[in-house]
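The structure appears below as structure tokens.
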Amino acid sequence: MTTVTFHSEGERIVGFEFKGHSGYAPEGEDIVCAAITSAVRLTECAVNDVLGLEAPVKVREKDASITLTLPNGLGETNESTCQTLMAALMVYLVQLAEEYPEHITVLEV
């Protein structure tokens, strides 16, 4: 199962962590894993490549684990955009978890 944890400070989503394989199907055929990976990559690309932040957000991938942490001091426009992206990612993953409850869990801490 994949566990997704969104980390918040007050109303601000500051990052997320993905752990584990969904186990829906064998590697390379797992549609749940593909959906999760695609959503994470889209979010990372939007934050780093489209916004063009001076200090790119770092995504760390290690042994079926992915983490992303937003820096402080993004400026009003970039902060708003990043929060929209993070909230959209969370909503998408919650919907995915409702569809595949045995393969993905979404938490907010």
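The values are calculated or read from the model by the stated rules, or taken from the named source; none is laboratory data. Note that the coordinates shown come from a computational prediction; the quantities given were computed from them, not determined experimentally. For neighbour counting, all protein chains shown are included, and Cβ atoms are generated from backbone atoms with ideal geometry for every residue, glycine included. Note: accessible area is taken over every heavy atom of the protein model, side chains too, but ligands, DNA and RNA are not part of it. Shrake-Rupley method; radii C 1.70, N 1.55, O 1.52, S 1.80 Å.
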May I ask you to give the average projected area over all directions of the convex hull of the Cα atoms of segment 22-100, in nm² rounded to one decimal? 5.7 nm²
Heavy-atom accessible area per residue, segment 14-109, 1.4 Å probe: how many Å²? 61 Å²
With a 1.4 Å probe and all protein chains left in place, how much of the accessible area of the chain comes from carbon and sulfur atoms, in whole percent? 52 percent
Quick one: dipole size for the chain, taken about the Cα centre, charges +1 on Lys/Arg Cβ and -1 on Asp/Glu Cβ, in debye to the nearest 20. 220 debye
Mind running the shape call on segment 1-48? Use the C-alpha gyration tensor, a ≥ b ≥ c as the square roots of the eigenvalues: rounded below 1.5 for a/c, prolate if a/b tops b/c, oblate otherwise. oblate
Where does the chain land at 222 nm, in deg cm²/dmol rounded to the nearest 500, when only DSSP H runs of n ≥ 4 count, each adding -39500 (n - 2.57), divided by all residues? -12500 deg cm²/dmol
With every protein chain left in place, what is the accessible area of L42 in Å² (1.4 Å probe, nearest 10)? 120 Å²
Answer rounded, prolate or oblate for segment 58-109, using the Cα gyration tensor with square roots of eigenvalues a ≥ b ≥ c: rounded when a/c is under 1.5, else prolate when a/b is larger than b/c, else oblate. oblate
Looking at the chain only, what percent of DSSP beta bridges run antiparallel? Nearest 5 please. 75 percent
How much accessible surface area, in Å² rounded to 10, belongs to the heavy atoms of D63 with a 1.4 Å probe? 130 Å²
Contact order normalised by residue count of the chain, Cα under 8 Å, 6+ apart, percent: 39 percent
Could you state the angle between the C-alpha long axis of helix 76-99 and the longest principal axis of the C-alpha atoms of the chain, as a value from 0 to 90 degrees rounded to the nearest 10? 10 degrees
